[in-house]
Structures are given as structure tokens and as C-alpha cells.
Amino acid sequence: MDLLNRIRRYRNAYKNYISVMWGIYTKKEPLKCILKDDSVHMWSIHKAWQYTFFVSKINESNVIDYFDGKAEYLKLQYKDKGVVFYGADEMGDVGGIFYAEQYKMLKPRNEIVIDIGASIADSSIYFALNGAKKVIGLESDIRAYNFSLKNININNLTNIITLINGWYGKDSEIYEGKIKIYSLETLLNENGIDGAILKMDCEGCEYNLLNEKDNILRKFNRILMEYHHGYKNLQKRLKKQGFLVKIFGSYLYAELM
């Protein structure tokens with residue numbers, strides 16, 4: 001079903017949707033993208049992919065300038081609020097987060113969110129606009145981190161979101177010899193957090209969760225992560241700690257019972 005929905009999105013967005021999909025699959029860019037209005041654009045893979053989420057929203061939001069190349073930022077309307085993102089043409093997943101609402105089941109109820117793999121702060125901002133009391137984000141890529149700081153500031157969310165340029169894993173290690181690695185235990189302790197919800201999208205670092213102490217895992221009410229090399233060990237560990245675990249697509253959702 002996910003594949004059929006993906007094909008449908010591309011067909012709704014492009015006249016040459018087959019060649020666009022093939023270009024994305026073979027990672028050939030820039031991609032020649034022919035829109036339904038016959039306009040032709042040479043876009044990056046990331047931008048072409050994002051457009052499929054936004055195409056049905058173009059007329060009711062302010063994303064058209066971004067896709068026409070008239071603005072260096074993407075601006076959209078969300079809950080009657082104008083939200084601005086720099087760096088969205090290269091990084092993040094603004095379309096998937098704000099229009100497909102892939103983190104909808106994690107919507108916080110005045111809770112603290114730990115956001116592992118915050119990218120350009122698109123997920124952190126989503127949580128902040130959906131009831132988070134506080135968001136602590138972790139992002140290792142320095143360009144994404146710099147975009148995230150700009151996005152948090154321009155959207156007036158510095159009082160809710162704190163971003164750290166770091167990686168997730170075992171304490172006392174240095175990621176690629178450059179930045180500090182933080183465990184969940186350290187993130188909770190350094191920020192005085194006793195309970196939170198957890199989002200992870202970090203290209204494989206999610207398996208470091210297997211090294212966390214049992215009492216640290218039970219401090220999270222809900223967990224949603226994208227897994228990259230199988231889910232069985234993660235599922236087993238979380239079930240043992242009293243979580244109800246559900247698998248859908250490449251995502252694992254766990255709720256403490």
C-alpha cells in the first residue's frame with residue numbers, strides 16, 4: 001500500500017512521473033521535472049520528492065515561491081500559523097512531517113520530547129506546535145544544525161526548543177572525532193528530565209538504545225523510531241520493559257503500558 005500511495009503522489013505531481021521516479025531510484029540529479037501546468041524544472045532529488053507532499057497544498061499555502069525558485073526558504077501554513085524553513089530543499093522532511101504527519105501518534109500532551117536526528121528542526125518545530133512543553137533536539141550534521149538554529153529563531157520557538165550539535169550513543173565517545181556523543185541517560189540527567197517521549201531518525205544509531213539502562217527506557221511514555229537494520233532486537237528489549245510495540249513499514253512505535 002505504501003508503494004501504491006507513493007506512485008499516486010508522483011502521478012499527481014508530475015506529467016513525467018515515471019522518469020522522475022526512475023531518476024530518484026537511480027540517484028541521477030538534477031532531475032527534469034515537468035509539472036501539471038507544463039512548467040519544467042531542474043530539481044534535486046530531495047526537492048522533487050518533497051514536492052509530491054506539497055502539490056495538493058500549493059494553492060492554500062505559501063510554498064509556491066519555494067518551488068518556483070523565487071525564495072531560499074519554504075513557508076507554509078500550519079494551524080493558521082506561517083512556518084518558515086531554511087535548508088528544506090536539501091535536508092529534512094517538511095512535507096512528510098507537516099502534511100503526511102508521520103509523527104502524529106507522538107503528539108505531546110504538555111510533555112517533553114527528545115528528538116534524536118532533528119535535522120533542520122522540522123520535527124522539533126512540529127512537536128513544539130503540537131503541545132510539547134519542551135523539545136531537546138540532537139543533530140550531528142553541522143549544516144543541518146545551523147539551519148535548525150535559524151529555523152527555531154525565525155519561528156520564535158527558542159523558549160521551547162533546545163538544539164544540541166551531537167550524536168546519540170555511548171557517553172565519553174566522540175563521533176567522527178568532532179562532536180560529543182550523548183546517551184539518553186545523559187540527555188535526561190543534564191536537562192533534569194524524569195519523563196518524556198522519544199523520536200528517533202538517525203540512520204542506524206537507534207540500535208544504541210539496546211545499551212541503555214532499563215530504568216532509563218521506562219522514563220519514556222511513547223517512542224517512535226525509524227529502524228534501518230531490522231527491528232526484532234529493539235522490539236524484544238522494549239517489550240521486556242513493559243512497552244506495547246507496533247511495527248508499520250520501516251517504523252517502530254512503542255507505548256509504555
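The residue pairs whose first member lies in region 147-167 and is touching a residue at least 60 places away in the same chain (Cβ under 8 Å), whose second member is part of a helix (DSSP H, G or I) and not basic (Lys, Arg), and whose beta carbons are closer than 7 Å, counting only pairs six or more residues apart or on different chains, are ASN151/ILE125; ASN155/ILE125.
The selection criterion, being in the same structural domain as ASP141 (by TED's automatic domain parsing), aliphatic (A, V, I, L, M), buried (at least 16 other Cβ atoms within 10 Å of the Cβ) and not in a loop (DSSP other than H, G, I, E, B), does not hold for ILE247. Checking ILE120, ILE97, ILE174, ILE161 one by one, the residue that is surrounded by fewer than 19 Cβ atoms within 10 Å (Cβ to Cβ), more than 18 Å from LEU217 (Cβ to Cβ) and either out of contact with any Leu (no Cβ under 9 Å at 6 or more places or on another chain) or at pLDDT 95 or above (or both) is ILE174 and no other. Applying the condition of being among the hydroxyl-bearing types (Ser, Thr, Tyr) and outside any helix (DSSP H, G or I) to region 182-237 and asking which residue is surrounded by the most Cβ atoms within 10 Å (Cβ to Cβ) yields TYR182.
For region 129-146, the tally of residues that are crowded, with 24+ Cβ neighbours inside 10 Å and part of a helix (DSSP H, G or I) stands at 0.
The set of residues from region 5-29 being within 16 Å of ASP68 (Cβ to Cβ) and touching a Ser or Thr at 6+ places or on another chain (Cβ under 6 Å) comprises just one member, ALA13. Screening ALA121, ALA144 for residues that are of a type in the set (Gly, Ala, Ser) and either farther than 23 Å from GLY82 by Cβ or in contact with a Phe, Trp or Tyr (Cβ under 8 Å, 6 or more places away or on another chain) (or both) leaves exactly one candidate, ALA121.
The values are calculated or read from the model by the stated rules, or taken from the named source; none is laboratory data. Since the model is a prediction, treat every value here as computed from it, not as a measurement. Positions of Cβ are generated from backbone atoms using ideal geometry, with glycine treated the same way; all protein chains shown enter the neighbour counts.
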